[in-house]
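The values are calculated or read from the model by the stated rules, or taken from the named source; none is laboratory data. The structure presented is a predicted model; accordingly, all values stated were derived computationally and were not measured. Cβ sites come from the backbone with ideal geometry, for glycine too, and all protein chains shown count toward neighbours. Note: accessible area is taken over every heavy atom of the protein model, side chains too, but ligands, DNA and RNA are not part of it. Shrake-Rupley method; radii C 1.70, N 1.55, O 1.52, S 1.80 Å.
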Amino acid sequence: MSRQFEEPKQKKKRVLRYAFILAFILAVCGFCYPLFKVDVLHYKLFFAAIIIVLAVFVMVEIEDRFSRWWRGQRNTFWKMTCSYKAKAVVRVSDMDEKLFSETLHQFCVDNGTDEEPLEKPAIETNGRTHVLRFSNIDFDLICFLVNNLVYSERGHRYDAKAWYELGQMVRDDEQHPLSGQKVMFFVPEDDDEYDNVYFVTSKGHCFKYSFAGMSTPKYMPEMRQRYEPQPL
């Protein structure tokens, strides 16, 4: 997987919701139609009811799309985070060297261009444990890389983590929630959506970051993931 992930579950849920609503409207129409087979007035009432139901559905959908757009406008600070560049350390354990090399190569190909190729990290291998060190890489690319490594082999999960340190980020007199903090990326064993990554700050605050629509990281107060020291 690269920046272009498989179809997110959120999109599938939305399509299923549309199908369910349409099926419900058709079912109601089919049930009610015989009741109005009396005269022209009842025909008009029948079709007016259908139009009203469809209008309500369209209004609800417009409101939903607008609210998601508005949340996106308010989350420009998080979007700024995704393009933030800094040093990073990535560690994956118990992975075959061939699979590791193939996964890393494909990731670099998918996320780099001829004009701006992705930086090749320094690699340290000790048996089946591999450590990558990037001198300057985007926040969102580290998120993708951790997800790639965890799910690099179908039907199997690998233990991959990454460490990243954000500098001071202030814009319009507003300080970023993660400004100046260290973060550790991971994917918990009970997450099975394949398009998420989680991170915990050095202060112990956990967040879930979904790649579907590049949504805002969601604070997870119930998670008790411990921040682990960065590998030397």
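Structure summary
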| quantity | calculated |
| --- | --- |
| Residues satisfying the stated conditions in the range 79-117, i.e. assigned to a helix (DSSP H, G or I) and in contact with a His (Cβ under 6 Å, 6 or more places away or on another chain) | Phe100 |
| Residue check for Phe77: at pLDDT below 65 and either more than 18 Å from Phe185 (Cβ to Cβ) or touching a Leu at 6+ places or on another chain (Cβ under 6 Å) (or both) | yes |
| Residue satisfying all of: in the range 115-124; surrounded by 12 or more Cβ atoms within 10 Å (Cβ to Cβ) and out of contact with any Gly (no Cβ under 8 Å at 6 or more places or on another chain); modelled with the lowest pLDDT among these | Glu119 |
| Leading residue by the ranking (most open to solvent (accessible area, probe 1.4 Å)) among those in the range 92-114 that are under 21 Å from Tyr209 (Cα atoms) and in contact with a Phe, Trp or Tyr (Cβ under 8 Å, 6 or more places away or on another chain) | Asn111 |
| Residues being within 14 Å of the chain's Cα centre (by Cα), surrounded by fewer than 17 Cβ atoms within 10 Å (Cβ to Cβ) and in a loop (DSSP other than H, G, I, E, B) - total across the range 177-232 | 4 |
